Every structure is written in C-alpha cells, then in structure tokens.
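Worksheet for the structure shown next.
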Amino acid sequence: MAASTSKHHILTVLVENKAGVLARVSGLFARRGFNIYSLAVAPTDDPRFSRITIVVDVESTPLEQITKQLFKLINVVKISELDPADAVERELMMVTVKAEGAGRGQVIELVQVFEGRIIDVGTDAITVVLAGPPSKLDDFEDLMRGFGITQLQRTGRVALPRLERQPHPTRLRRAG
Amino acid sequence: MKLNGGQALIKSLEMEGVEVMFGLPGGAILPVYDPIIDSPIRHILVRHEQGAGHMAEGYAHATGRPGVAMVTSGPGATNIVTPLCDAMMDSIPIVVITGQVPSMAIGTDAFQECDTIGITRSVTKHNELVTSAQDIPRVIHEAFHIATTGRPGPVLVDIPKDIVDPRHPNSAMEWYWPDSIDLPGYKPTTKGHPKMIREAARLIGESRRPVIYAGGGILKARAAEVLRELAELTGIHVVTTLMARGAFPDSHPLCLGMPGMHGNYTAVTSMQKADLLIALGSRFDDRVTGKVAAFAPDAKIIHVDIDPAELGKVRRPDVPIVGDCRLVIEELVRAVRDLGGAEAQPDRTEWNDTLRSWRETYPLRYEQGWEEGDKLKPQFCIESLCANSPDDTIVVSGVGQHQMWSSQLWKFDHPYTWVNSGGLGTMGFAVPAAVGAKVGMPGRTVWAIDGDGCFQMTAQELVTASAERIPIKVAILNNAYLGMVRQWQELFYEERYSEVYLSPDLPDYKMWAEAMGCVGLRVEHPDDVVAAIDKANSIDDRPVVIDFRCDSDEKVYPMVAAGTSNDDIILGPEFGQGGH
C-alpha cells in the first residue's frame, strides 16, 4: 500500500463546526464517486471551525472537480490544496505484532530503529505505537507483516505546508 | 415581543414575502398549522405531499419567486423527496418545511420519525435541523437566501415539534428579524472576470461558425432580454435547450430551437459543426451532447455559469466565466461593442446560408391524415393547442414523448411560459406543477400537456385544483402506452413490448376528471380537436381535462440514440430513416 505516491493529494478543508458537516463531506464523496484515501477531523484554534484533512485519489477524478463540488457545501469555508511535495505530513499507527521466541528480539530491534515505542507487552505479542511520515509507517508495516500482525490502526494523515520553501498553500480562489 | 416557535415560523415566511404555500398537515407539523389561520398567507391543501413539492416548483418556474411547501415528518417528508431532487436537478428555488418528532424523541424510532436531514442531504442545496425556537427566524431567512441566490435550488428546514408547540416550554422565543446573513462559506460570484469577458468577445469576433448554446441559467438569471441583445448585435444563432425554451423567441430569425437527443436537425448539427460554442447557463447535459468525445469536435468553448463546478465538469472550456448570466452577458455585449460591435463581426454568410438550407431541408415532420380511420396524431394536438391558445399561455409538461413533442412544436415567444422536469425526468410533474404555475400567474392560461402514464401518477391534485378554484387545463395525449419506453422497445429491443401497455379506457379519463370536479372532454378524431380546445379555453371557473385518443405508434424524431454521436442523428420515417 503505497500511500505517498503522486496519485494522492491532500485537501485541508476548513468547515463550520456544525452538526452533520462530516456527513455532508463524506456523503458528497460517496455520491459523486470520488475516492477518499484517508480522512481526519479535528477542531481548530477557533471554536467556530473544524479542519478536515482529506487525502484524495486524484486518479479517479480530477482534483479540480472535487474541490469545486466541496465548495458548494454551504458549511465549507475554505479549501487548501497541499501537494505532498510541499507539505509535512504525519500519521500515527498502533500495531499489535506477534513476538515469540527469537522473533521477539528482532521486533524490538526494529521498533528501536524506527523510533517507535512499545506501549503494551503480552506473553506472545507486543503493541507498538509509531508516528511519522506515512511512507515510514508503510515500511514499518511491511516489515512487521513477516512476524504476524494481529491488529493495526492508522489515524490517517494530517498535514501542514512546508515552511522552508515558503509555500502558501495553493489557496483556491473562492469562485462560487 | 414573545412568540412561540410556530408563530415565529409563519411570521418569518410573511417577512420573506411569501403569499402562498402548498402543504398537508400531520402530527409533527400541527402546531405550525394553527397560526396559518391568522396569517394572510394563502395555504393550498394538497392531496399528496409530492403534489405540494411540484406545485412549489411550478410556482417558482412561472414567477421566479421561491415556492414554499410544508409537510409533516416521516412519510410527509419522504413523499416530498422526489420534488426536492427534481428542484435540485433543475435549479428551482423552493423552500420546504418539514415537521419532525420532538427533540427528545429524535433517534428513538418514534412514530412518524425519519432521518429527514440524512435522507434529503444529497437532494437539497442545503438543509438544516432547527434545534431552538430562537433560531427559527435566522434559519428561515438563510434558507430563502440560499435557495434564491447563486445557483438556485431547494432548501429544506426540519422543525422538531417541541420548538413550535405552544404547550411546550421549548417553543418560547423573543421575536426578531435578522438584518444580515452570516454564512462564511457561502458567497456566490456574480460578476464575471473582466479579462475573461474581453477574451470571450475576441473569440466571438474571430469565429466563422459560432452558436449560442442557451440553457436554463438564462431564465434563472432573468437574462432573456440581454441574450437577445447579444444575439442581435453579433448576428449569432441561438439554440435553446429543454430548460431554456422561451428564453429566446422561437419566432426570431436567429432561433434554431431545441438541440439534444430529440432536438431538430439544424440545432443539433449546428453545434456539431460550430467553431465556437457560447454556452450561457447550460451544463453540457448528456441529453444535449450525446457521446461527449464526439460532441462539437471543432468548437472552442466559452462557458458562462454561476456554478464554478459546471465549468470543466463535462467539457473543458477555452474561456471559463463564473458569474450571473445577466451580468456577464451585459458585460459581454459591452466588450463586443468595444471591439467594433456588429460591423467588426466577420462575414458569416456561408455559415448562415448553411443553417438556412438545413432548416429548409430538415424541418420537423409528421403527417396528420384526414381520411376515415386515420388516427389522431399527438403532434397535431399540440400544434392545435398552440395555435388556439393565447400567445402567453404557460405550458407545463410531464416526462416522455408528449414532453418532447411539446418542446419541439410549441412556439415559445416569451420567457417563463415553459415548465417541465428536465434533469430528473419526473413523471407526474405536469398536473401539480401546472397548479403551482396558475396560482402564481392567475391571469394566464395554463395548459398541462400530459401523457396518460404521467397523468395517473399525480392526477389527484386536480381535486386540489377544483377545491381551490384553480382552473388549469390538462391535455392528455392518451396513446395507451408508456410511450417513450415503448419507443425504445420498438427501436432497440426488437419490438418486444414489456410492461408498457396501459389501455386507453382504463381508467375512463373523462369520468375520472368529472369525479374530481373538472370538465371532462374526449376527442377521437382530428376534426374535433379545435372545437374541444376552444371549449376548454372558454371555461375559467374549474379545471378542464381533454382525453385526446392518440396514435400509439407515433414516435419522437429526430432521435440521437443514447451513447451515440450527434452526427448519427436519425431523422425519422418521413426522411426514410428510423422505424415505420
């Protein structure tokens, strides 16, 4: 599962903090056949607004049509489009891996290499938390698969524009 | 001033200038019906909630003012989903108020509870559940603002019973009327970009084979007059889509009529051969473009629409202009004048001659026989209706063959005289929409031209029309079939007629009309058509229904088969093409 390829784009969508807004956004994607790769919602520093970070599959539908349709939702205030190359992205993963006998040491070693943390230890498995760029999580997940993953959860990514290149997120002109 | 929520709701509608509303009461909305007794707003009691929604649409179509419908929770709300979707597809401004079970019962599967907001989310421009009586004026004001500005559309407001019931403390509120709108995510662009408008004027000035592709947005923007100015200034011909019939007069020498799946040859082919399409408030619907990859292959595109999502949705424009059609066309006229006006337009004699020869060679054709045993042609009925009714008659249709023939053959010379269900294609639209149009325009003759299949879906609203003394006229083109489906089965399913036969006599439309308080007439021979129409037009104290017994075999031509190119238009048997 290659999450960070150019087929994906990140939209950070500022929405009014009202009941049902997430349903409006996800319902729009479902109805128009747009694919969501991942989605994360959180309040902003202004209690009137929330921010939805959506990673979209731009191979299925042009990004322009997705953003224009999103803009038509009355509760959508602003959409910023982040090219993965111009953004810093982080995602959090929790994974329970089988860790028995000789494998236990190898798993712990890999956790250290990836700068993860062991947050729960069982007799024959451990649970690891790992935060980082999605591609790093992908790599870790691939490595753990060999030992046997029993449970895995990822949060979906959040992103902010990269500072050193001074990129203002391509603020789409509100045309509607 | 202390009011209860129900009083505040009705007062808010009065503040919005609502003169008439269409609805049917029930448990959850009951408290709002009480203050209606004391309100100057006229309430029209429908027989089915779908009727209320289509009446609100017909009213909005004909008047340009938002239509209002009010129904109860649960089945009342689900019954109005079809009109909401219809209004969404055709950008009709309506405001629908639904009752909801009391706040504390929401989510408990209470009697007549349904998730109205969830069910209608994708068929409304916006919807909102009101949670406090104090919010009612603000939400109603926002609902009318959203419904009528930008790209118009339906807005639904869901009202829990406790906030409107005077016996419940939750209904207490202090009256106010909002003096502003606070919608941070809603600011429609109405003025077109000046640079793009200049670029559009430049392209027009270079084009040898331009066509104006006028859509329903012209009517929504009240832009018919300025469209005419643009066409006459530049000498460019205009096609009017199904949603734009009447936006440019059919009698005008520059009018080419309707394009699309059942458009006339010249309108369809002019777009195919054009080097420039000036799309004004139109959306490149599949019924217009046919196979998109083969649509107007040589044309550059100027696309004007108030909805930015329409620009590039189907066909990438060379000059995209977001804005209100009237404002943009006004600026475009100015920009064309700045470049030298009519004198600076290139010589288009060759193109104009081509269009003229197509029109002469490929007119719409049908043959009405007058011998004993010759069947009555539906097209003849429509042409007779048009010729014998006032010039500004409002024509309302259902969906199917009768709709296409009406759009093709009626001579529309005024905007807002054609009301139909274009995008959703809702059978049963005609009768209730005609009632709504007549309520909005009581001085005008309103003819519903309906099919026998459509009529059976919503005919009960003629009871409403009789009871409320709304004298609409209905012409049923009774061919005893679901005619358009039959046409497809004949042409594409080897004449295997599956589940399309309806019978000409069951029901007996004349008796049914009379049972509903209307005058019922029946016409079986072409000789009797005009007399029946004259009689119907002379009656103004009750609705009239004419049962025209028509030829079942008649098909709509020209036709571009679904999914094929507009270049493969089938002209019909009169030209030796298509079926028999």
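Some points to look at:
- Within region B:368-384, no residue that is in contact (Cβ under 8 Å) with a residue 60 or more places away in the chain and farther than 16 Å from B:ILE476 by Cβ sits with its Cβ atom under 6 Å from a residue that is in a helix (DSSP H, G or I) and basic (Lys, Arg) at 6+ positions apart or across chains.
- Filtering region B:349-358 to residues that are among the β-branched types (Val, Ile, Thr) and surrounded by 11 or more Cβ atoms within 10 Å (Cβ to Cβ) leaves only B:THR354.
- Test result for A:GLU115, within 29 Å of A:ILE54 (Cβ to Cβ) and surrounded by fewer than 19 Cβ atoms within 10 Å (Cβ to Cβ): yes
- Selection status of A:ALA19, out of contact with any helix residue (DSSP H, G or I) (no Cβ under 8 Å at 6 or more places or on another chain), among the aliphatic types (A, V, I, L, M) and either touching a residue at least 12 places away in the same chain (Cβ under 8 Å) or more than 14 Å from chain B (Cβ to nearest Cβ) (or both): no
- Failed item in (1) at pLDDT 95 or above; (2) touching a helix residue (DSSP H, G or I) at 6+ places or on another chain (Cβ under 9 Å), with A:THR96 passing the rest: (2)
- In the condition set (1) in contact with a strand residue (DSSP E or B) (Cβ under 8 Å, 6 or more places away or on another chain); (2) surrounded by fewer than 19 Cβ atoms within 10 Å (Cβ to Cβ); (3) within 14 Å of another protein chain (Cβ to nearest Cβ), A:ILE108 is compliant with all but (3).
- The listed residue being out of contact with any helix residue (DSSP H, G or I) (no Cβ under 9 Å at 6 or more places or on another chain), on the phi > 0 side of the Ramachandran plot and not basic (Lys, Arg), out of B:GLY400, B:GLY373, B:GLY428, B:GLY443: B:GLY373
- Among (1) within 24 Å of A:LYS68 (Cα to Cα); (2) away from chain A (no Cβ under 14 Å) - the single one B:VAL304 does not satisfy: (2)
- Checklist (1) more than 10 Å from chain B (Cβ to nearest Cβ); (2) closer than 23 Å to A:PRO84 by Cβ; (3) surrounded by fewer than 19 Cβ atoms within 10 Å (Cβ to Cβ) applied to A:PRO43, failing item: (2)
- Scanning region B:292-303 for any residue that is in contact (Cβ under 8 Å) with a residue 24 or more places away in the chain, buried (at least 23 other Cβ atoms within 10 Å of the Cβ) and closer than 19 Å to B:HIS193 by Cβ turns up at least one such residue.
- Region B:213-225, subset more than 17 Å from B:ILE321 (Cα to Cα) and of a type in the set (A, V, I, L, M, F, W, C), residue nearest to the other protein chains (Cβ to nearest Cβ): B:LEU219
- The lone exception for B:PRO210 - which of (1) surrounded by fewer than 21 Cβ atoms within 10 Å (Cβ to Cβ); (2) in contact with a Leu (Cβ under 7 Å, 6 or more places away or on another chain); (3) farther than 24 Å from B:ASP90 by Cα it fails: (1)
- Subset of region B:320-348 [crowded, with 18+ Cβ neighbours inside 10 Å, of a type in the set (D, E, K, R) and part of a loop (DSSP other than H, G, I, E, B)]: B:ASP324, B:ARG348
- Residue check, B:PRO66 surrounded by 24 or more Cβ atoms within 10 Å (Cβ to Cβ), within 18 Å of B:ALA437 (Cβ to Cβ) and modelled with pLDDT of 95 or more: no
Each row is one residue, and each column tells you yes or no for (1) within 15 Å of the chain's Cα centre (by Cα); (2) assigned to a loop (DSSP other than H, G, I, E, B).
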residue: B:ARG47; (1), (2): no, yes
residue: B:GLY53; (1), (2): yes, no
residue: B:ALA62; (1), (2): yes, no
residue: B:VAL95; (1), (2): no, no
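- Helices (runs of 4 or more DSSP H) contained entirely in region B:106-212, each with at least 2 residues that are within 13 Å of chain A (Cβ to nearest Cβ): B:116-120, B:136-148
- Meets criteria (surrounded by 17 or more Cβ atoms within 10 Å (Cβ to Cβ), aliphatic (A, V, I, L, M) and either without any contact (Cβ under 8 Å) to a residue 24 or more places away in the chain or within 11 Å of chain B (Cβ to nearest Cβ) (or both)) for A:VAL97: no
- Just so you know, in region B:466-505 the residues that are touching a strand residue (DSSP E or B) at 6+ places or on another chain (Cβ under 9 Å) and of a type in the set (Gly, Ala, Ser) include one that is nearest to B:GLY517 (Cα to Cα), and it is B:ALA467.
- Where a residue in region A:22-34 is at the interface with chain B (Cβ under 9 Å from one of its Cβ atoms) and its partner, wherever it lies, is surrounded by 15 or more Cβ atoms within 10 Å (Cβ to Cβ) and part of a helix (DSSP H, G or I), with Cβ under 8 Å and at least six apart: A:ALA23/B:ARG121; A:ARG24/B:ARG121; A:GLY27/B:ARG121; A:GLY27/B:SER122; A:LEU28/A:GLN69; A:LEU28/A:LEU70; A:LEU28/B:SER122; A:ARG31/B:SER122
- Hey, B:ALA279 at pLDDT 95 or above, out of contact with any strand residue (DSSP E or B) (no Cβ under 7 Å at 6 or more places or on another chain) and under 22 Å from B:GLY153 (Cα atoms) or not: no
- Filter pass, B:GLU514 being in a loop (DSSP other than H, G, I, E, B) and not assigned by TED's automatic domain parsing to the domain that holds B:PRO66: no
- Region A:3-21, residues that are out of contact with any strand residue (DSSP E or B) (no Cβ under 6 Å at 6 or more places or on another chain) and not in a loop (DSSP other than H, G, I, E, B): A:GLU16
- Only one of B:THR108, B:THR98 that is within 17 Å of B:ASN127 (Cβ to Cβ) and not assigned by TED's automatic domain parsing to the domain that holds B:MET427: B:THR98
The values are calculated or read from the model by the stated rules, or taken from the named source; none is laboratory data. These numbers come from a predicted model, not from an experiment. Positions of Cβ are generated from backbone atoms using ideal geometry, with glycine treated the same way; all protein chains shown enter the neighbour counts.
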